[in-house]
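Visitor: Before anything else, here's the structure in question.
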Amino acid sequence: MKIAIIGGGPSGLYLGILLKRRAPDWQVEVVEQNAADATFGFGVVLADTGLQQLRHADEASYQAMTAAMHYNDRQTIVHNETPIEVARQVKGGAIERLRLLSILQAQADAAGVRTHFGCRIGMVAELARIGLADADVVVGADGVNSTLRGEFAEQFGTTRRSLTNHFAWYGTHHVFDSPALVFRKHAGGHFVAHYYPYSATMSTFVAECDDATWQRCGLAEMSDDERQRFFENLYAPELYGKPLLSNNSVWRQFPVIRNAHWFHDRYVLIGDALASAHFSIGSGTRIAMTDAIALAEALLAEAPNVSAALHRYQERHTPEKRKLIEASEHSFDWYERIAEWMERYTPEAFVYHFMTRTGRVDDARLRRAFPELMKRLEAAGVPSGAGA
């Protein structure tokens, strides 16, 4: 089998590793438009439950990734300047995105995957110049702006819309003690900072506001540099005087990508190219990598029957994928209404509403996973008073 993977991010590299390790005689090549040491963004989260899926799929890459992660067993949610700590019984972790890519690049190289860096594929026909025109399967692992998906948008049944909230990803040299979400009202606007440490020297800081705030507080007329300074001032107490750092930190609105069909002919999608997962659930990278696991298993089980493999991928992976994407949708719907929740709820009711926003967590699960939190919420009359 000859497999061409467009996109050398975590999902594309991981798919290459899984295929080549279990089918060493296959020709597996990854095509990446950027240089090996280029990346945008700062740290990414790999949640504890998802890590076990990665461990089961490939122990060697799991060990390499987890050895480089920065762990935390608690998160703080701040509303009305009231911090409420959420202590977890199991740890989650974060890792520098460039470090994650370098680990996966090394693992792919060791497995025998060939990676073409600095090679942009604008359309499928361009695979011919690197000898991949006759690939049995062409995988689009090239993110929300996937060129493969764009070329066959009608066949994939692609839909795209944008959310109304505005956000940008920054970094900072201030290393926070633990992840936090700080919801803050200022000048009639409603803001939120999502931040978490991912190394001994760096943290990710995601700035966000709703569209009404964007207009009311004049952010629409500001330059990106001015917006960055605005958030540095707004969150100065949390940043302790450290500046925010930009790395392609463009303000934008989240694109919701969906595809009715996961494959067309020999072309197939994974990760954000298939369905964009909102950053608020902290699992986008892991979701993309589980797509890679599902596709690898299907190809290995059905080879050389490509049609059977791609049907198997969609049919067997759809239930799990649907659950995760629905959780993402419930989460971003909640964030689209942050002004309403910030005005309506007490800090305890706000945290309860936040923790149950995806529909996947009920009171019993909250009590098992976060016993100390539930004691505080119940003492404040929540959850029975959460809707008040």
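Visitor: Kindly establish whether Tyr352 is within 30 Å of Tyr267 (Cα to Cα), touching a Leu at 6+ places or on another chain (Cβ under 7 Å) and at pLDDT 90 or above.
Guide: Answer is no for this residue.
Visitor: Determine if segment 227-238 includes at least one residue that is of a type in the set (S, T, N, Q), over 23 Å from Phe350 (Cβ atoms) and in contact with a Phe, Trp or Tyr (Cβ under 8 Å, 6 or more places away or on another chain).
Guide: Yes, there is a match, as at least one residue in segment 227-238 is of a type in the set (S, T, N, Q), over 23 Å from Phe350 (Cβ atoms) and in contact with a Phe, Trp or Tyr (Cβ under 8 Å, 6 or more places away or on another chain).
Residues are listed down the side, and each one gets a yes or a no for (1) outside the structural domain of Ser280 (by TED's automatic domain parsing); (2) surrounded by fewer than 17 Cβ atoms within 10 Å (Cβ to Cβ); (3) polar (S, T, N, Q); (4) out of contact with any Asp or Glu (no Cβ under 9 Å at 6 or more places or on another chain):
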residue: Arg312; (1), (2), (3), (4): no, no, no, no
residue: Lys323; (1), (2), (3), (4): no, yes, no, yes
residue: Ile338; (1), (2), (3), (4): yes, no, no, no
residue: Arg344; (1), (2), (3), (4): yes, yes, no, yes
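Visitor: Pick out the one residue from Ala308, Ala349, Ala292 that is touching a residue at least 60 places away in the same chain (Cβ under 8 Å) and in a helix (DSSP H, G or I).
Guide: Exactly one residue qualifies, and that residue is Ala292.
Visitor: So, of the residues in segment 285-308 that are out of contact with any Asp or Glu (no Cβ under 7 Å at 6 or more places or on another chain) and of a type in the set (Gly, Ala, Ser), which turns out to be surrounded by the fewest Cβ atoms within 10 Å (Cβ to Cβ)?
Guide: It comes out as Ser307.
Visitor: Could you give me the residue pairs with C-beta distances under 8 Å whose first residue belongs to segment 7-19 and is on the phi > 0 side of the Ramachandran plot and in the same structural domain as Tyr267 (by TED's automatic domain parsing), whose second residue is buried (at least 24 other Cβ atoms within 10 Å of the Cβ) and of a type in the set (A, V, I, L, M, F, W, C) wherever it lies, and which are 6+ apart or on separate chains?
Guide: These pairs meet every condition: Gly7/Val30; Gly7/Val31; Gly7/Val139; Gly7/Ala141; Gly7/Ala273.
Visitor: Also, I was wondering about something else. Given the criteria part of a loop (DSSP other than H, G, I, E, B) and out of contact with any helix residue (DSSP H, G or I) (no Cβ under 9 Å at 6 or more places or on another chain), does Gly118 qualify?
Guide: Yes; evaluated as a whole, the condition is true for this residue.
Visitor: In segment 175-196, how many are more than 16 Å from Phe254 (Cα to Cα), in contact (Cβ under 8 Å) with a residue 60 or more places away in the chain and touching a strand residue (DSSP E or B) at 6+ places or on another chain (Cβ under 6 Å)?
Guide: Number satisfying all stated conditions: 9.
Visitor: Looking at segment 277-300 only, could you name the residues that are modelled with pLDDT of 95 or more and closer than 27 Å to Arg337 by Cβ?
Guide: none
Visitor: Going by the conditions given, is Arg88 at pLDDT below 95 and closer than 23 Å to Asn248 by Cα?
Guide: Judged against the criteria, Arg88 is not a match.
Visitor: Out of the residues in segment 311-346 meeting the condition of being of a type in the set (S, T, N, Q) and part of a helix (DSSP H, G or I), tell me which one is modelled with the lowest pLDDT.
Guide: Checking each candidate, the answer is Ser328.
Visitor: Go through segment 1-38 and count every residue that is touching a His at 6+ places or on another chain (Cβ under 9 Å) and surrounded by 24 or more Cβ atoms within 10 Å (Cβ to Cβ).
Guide: Summing the residues that are touching a His at 6+ places or on another chain (Cβ under 9 Å) and surrounded by 24 or more Cβ atoms within 10 Å (Cβ to Cβ) in segment 1-38 gives 4.
Visitor: Evaluate segment 152-172: report whether one residue or more is more than 17 Å from Ser276 (Cβ to Cβ), in contact with a His (Cβ under 9 Å, 6 or more places away or on another chain) and either of a type in the set (A, V, I, L, M) or modelled with pLDDT under 95 (or both).
Guide: Looking for residues that are more than 17 Å from Ser276 (Cβ to Cβ), in contact with a His (Cβ under 9 Å, 6 or more places away or on another chain) and either of a type in the set (A, V, I, L, M) or modelled with pLDDT under 95 (or both), one finds none in segment 152-172, hence no.
The values are calculated or read from the model by the stated rules, or taken from the named source; none is laboratory data. Because the structure is predicted, anything quoted here is derived from the model rather than measured. Note that each Cβ is placed from the backbone with ideal geometry, even for glycine, and that neighbours are counted across all protein chains shown.
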